[in-house]
């Protein structure tokens with residue numbers, strides 16, 4: 001499905017309230033969205049389920065505000081990022097911590113495509129912003145510009161977060 005097909009579906013949702021068109025968008029993007037959230041959460045599939053559902057509910061509710069300044073996927077990821085941030089702030093968990101604190105919480109079902117458990121654990125040791133920038137850049141293939149749109153940060157800040165995040169990952173993984 002191309003960007004023009006997305007625009008057609010979005011127009012149907014905006015103008016006609018078409019649930020079928022929105023369902024097509026959900027089916028197209030839910031796998032990628034969940035993959036990104038799994039990277040942010042360290043594999044907490046229960047939290048990912050909640051956040052993905054809340055993200056799509058908010059997308060349905062606020063689709064009228066989508067102005068097509070960026071791709072629909074970028075807009076959707078920005079919503080997911082805010083929902084994840086709100087959720088983790090409310091729950092005061094999933095903040096960066098030491099590797100020893102994370103290990104007992106990891107389970108066999110928590111996998112992230114090609115990542116080893118060591119990298120997953122190391123990601124959870126990063127500051128929230130660093131982890132988000134790293135996941136979006138290296139796991140989702142987003143450009144600095146797209147990451148800056150998702151995170152509502154200047155591109156220079158995104159570059160710094162990725163650089164510092166890589167340095168921190170290197171230190172953590174050498175331990």
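Model label points for residue 160 and residue 90, set 7 angstrom from Cα along the Cα-to-Cβ axis, are 3.1 nm apart. With the simple model of a label 7 Å out from the Cα in the direction of the Cβ, residue 7 to residue 167 spans 4.2 nm. The simple Förster model, with R0 at 35 Å and r as the Cβ-Cβ distance, assigns residue 19 and residue 152 a FRET efficiency of 0.75.
Taken together, the values in this text are just the output of simple stated rules run on the coordinates, not laboratory data. These figures come from a predicted structure and were not determined experimentally. Cβ sites come from the backbone with ideal geometry, for glycine too, and all protein chains shown count toward neighbours.
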